[in-house]
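K.L.:
Sending over a structure as structure tokens; questions will come in a sec.
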Amino acid sequence: MTQTNTAAFVRVEGILLARGVLSAAAYLAANAKKFGERALRLGLVGLAAPVHRLLGQTDRALAHRLAHLAIRGMSRDRVEVLCEEYAEDVLKDTILDQGLELLKRLQAEGRRVVLLSDSIEPIMKPLARHLKHYDELVFNHIEFEDDEATGRLLDPVIGSNVGGRWLDDYAAVHKLELARCSAYGAHGPDMLLLSRVGKPCAVNPDFVLRRSAKDADWPIIDYRD
């Protein structure tokens, strides 16, 4: 039975998946229809990569916006086809079994399990068929104008902001007591989310989050090679 007024927020990238947004952007760019177009889009991913790594520790939302500029101008149909291919042919094989076991345990405890993903809807919807032991999957949405991708992510962008207003709004809608909730993060910007709940935990943390988790005496789980 699900407990009332409590939830477990789990970051998908790093905890359930071994790949992130840049990998998806590179796949979409590499599968553009024409050679010249592929080269241009891959060049954009290459330019975005160092910026993404830098901003990924400070403003993950902006970093994700930059990464998705590589698909600007692609048709909706093309984006949806390539995203499903990526989810089925690449991403599903990176699902971490230990991550699924974590979700199973959280759900067995009666918590509402909320997955937070940096990826976009056309990737996460087909991937959701291969996930289990969760109640809700929250992801990003790409903007289309006249069935063509603008490269812009619609607000609210799921990134470092999930510990701020987004979390407050979500808690209000679902009548959650954040002091009774838990959260599981893998990256430095997840500190904002982890600091807002009563039971924070770092999973496969990067250097920044590991150092902060140790300073705050938060539990740390490592299971990825």
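K.L.:
For the stretch 161-225, with every protein chain kept in place, what is the accessible area per residue (1.4 Å probe, Å²)?
P.N.:
Each residue of the stretch 161-225 exposes 51 Å² on average to a 1.4 Å probe.
K.L.:
Any chance you could check the Cα centroid distance between the stretch 195-225 and the stretch 107-137 for me, in angstrom?
P.N.:
The stretch 195-225 and the stretch 107-137 have Cα centres separated by 21 Å.
K.L.:
Testing the spin-label approximation: label points 7 Å from Cα along Cα→Cβ at ARG72 and HIS141. State their distance in nm.
P.N.:
With each label placed 7 Å out from Cα toward Cβ, I get 2.2 nm.
K.L.:
Kindly provide the pair-distance distribution of the stretch 62-124 built from C-alpha pairs, with 10 Å bins from 0 and whole-percent values in order of increasing distance.
P.N.:
So the P(r) values, bin by bin, are 17, 38, 29, 14, 1.
K.L.:
Could you tell me the accessible area of ILE120 in Å² (1.4 Å probe, neighbours in place), rounded to the nearest ten?
P.N.:
0 Å²
K.L.:
Per 5 Å bin, what percent of the C-alpha pairs of the stretch 129-225 does each bin hold, from zero upward?
P.N.:
3, 11, 18, 19, 19, 15, 8, 4, 2, 0, 0
The values are calculated or read from the model by the stated rules, or taken from the named source; none is laboratory data. Computed from a predicted model, the values in this text were never measured in an experiment. With ideal geometry, Cβ positions are generated from the backbone for all residues, glycine too; neighbour counts draw on all protein chains shown. Accessible surface areas use protein heavy atoms only, side chains included; no ligands, DNA or RNA. Shrake-Rupley method; radii C 1.70, N 1.55, O 1.52, S 1.80 Å.
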